Amino acid sequence: MGLNRGRSAHGARWRLRGRRNLGSPLVRRADHQIASADLTRLARGPGSPGEHVLQERHGTGERARQFYDSQFSDQLTPKMMEFIGRMEMAFIATSDGAGECDCSFRAGPAGFVRVLSERIIAYPEFRGNGVMASLGNIAENPHIGVFMVDFTRDLIGLHVNGSAEIVTPAQMQELDRCLPEQAARPGRRPVQWVVVQVNEAYVHCSKHIPKLTPQSRVRHWGTDNPRHKGGDYFGTGARKAAAGREAGPGSARPSLPAPDLTASVFLAADAGRAGTASRPPG
């Protein structure tokens, strides 16, 4: 699989986050300046160095330490694994190699996010709009955040952060012999899976989570029907069409199709995993 890349626990990831954030507009502002020496000094324990700098600056360090000590884990607890097993939705946060972020939504029947061990989870990627924003980010930058919320019963959330790797359905079948049969039905067949090595897992408190009432609905898995996909709900297509009409004929530059890097990315990933696809993740 190649998931265990030799990075122990959290230190390397936190240091990377700290260095990358030094270039952000927020940190460059004088009132939010975080010196490199501060980041190095505070690059210890759970959380990013930037977190610790701001905790010290705003006097929240003691509250944060209590949270880290009581709610922070570098692996899933049995209760967390049970929680993930009944979730029907998840929010996925990724960023590309330059740190540009994206947050996306995933859904499926309870258990669609698979728990392979206390340190490994996986979720399916179904046929979508072809953009592959999350997968593209993962191909550049493996860091990922998965956020799941129980809106209907316990009103609680769970953050799972870690390192992601894209695998094929066949490879996933090797990793999870108990994969439910529904994952192979037409319209629900994953085109790829994302396997996540857990680095951090912690609670999201319930005080601001709204209570929702679930209702049954028909889900049009794998459809290209614009109406079922939401159509031009936000008016983006109509606005661009109107702008094209106002500009007049011949004024718009022809758009060239973007190169499809997906196949080469997956082939490269598969080549790097040659001979290891059927080995369970460590």
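The values are calculated or read from the model by the stated rules, or taken from the named source; none is laboratory data. Quick caveat: nothing in here was measured; it's all calculated off a predicted structure. Cβ coordinates were reconstructed from backbone atoms using ideal geometry, including for glycine residues, and neighbour counts include every protein chain displayed.
Looking only at region 208-223, decide whether some residue is of a type in the set (A, V, I, L, M, F, W, C) and modelled with pLDDT of 85 or more.
Yes, region 208-223 has at least one match.
Could you tell me which of the residues Ala277, Ala201 is at pLDDT below 80 and surrounded by 12 or more Cβ atoms within 10 Å (Cβ to Cβ)?
Selected residue: Ala277, the only one of Ala277, Ala201 that is at pLDDT below 80 and surrounded by 12 or more Cβ atoms within 10 Å (Cβ to Cβ).
What are the pairs with Cβ atoms under 6 angstrom where one residue, in region 55-68, is free of Cβ contacts under 8 Å to residues at least 40 places away in the same chain and within 18 Å of His159 (Cβ to Cβ) and the other, located anywhere, is assigned to a helix (DSSP H, G or I) and not small (Gly, Ala, Ser)? Sequence gap at least six, or different chains.
Qualifying pairs under 6 Å: Ala64/Gln55.
When region 204-238 is examined, which residues are found to be surrounded by fewer than 12 Cβ atoms within 10 Å (Cβ to Cβ) and closer than 18 Å to Leu158 by Cβ?
Cys205, Lys207, His208, Pro210, Lys211, Leu212
Among the residues of region 131-147, how many are at pLDDT below 95 and either over 16 Å from Cys103 (Cα atoms) or among the β-branched types (Val, Ile, Thr) (or both)?
Residues in region 131-147 being at pLDDT below 95 and either over 16 Å from Cys103 (Cα atoms) or among the β-branched types (Val, Ile, Thr) (or both): 1 in total.
Residues in region 148-155: is at least one within 12 Å of the chain's Cα centre (by Cα), modelled with pLDDT of 95 or more and charged (D, E, K, R)?
no
Show the residue pairs meeting these rules: Cβ distance below 7 Å; 6+ apart or different chains; first residue within region 135-157 and crowded, with 18+ Cβ neighbours inside 10 Å; second residue charged (D, E, K, R).
Correct list of pairs: Leu135/Glu125; Asn137/Asp96; Asn137/Asp102; Asn141/Asp96; Pro142/Glu165; His143/Arg13.
Within region 107-123, restricting attention to residues that are within 16 Å of Pro190 (Cβ to Cβ) and modelled with pLDDT of 95 or more, which residue is surrounded by the fewest Cβ atoms within 10 Å (Cβ to Cβ)?
The qualifying residue surrounded by the fewest Cβ atoms within 10 Å (Cβ to Cβ) is Leu116.
Mind checking whether some residue in region 122-134 is within 24 Å of Val203 (Cβ to Cβ), free of Cβ contacts under 8 Å to residues at least 40 places away in the same chain and of a type outside the set (Val, Ile, Thr)?
Within region 122-134, none of the residues are within 24 Å of Val203 (Cβ to Cβ), free of Cβ contacts under 8 Å to residues at least 40 places away in the same chain and of a type outside the set (Val, Ile, Thr).
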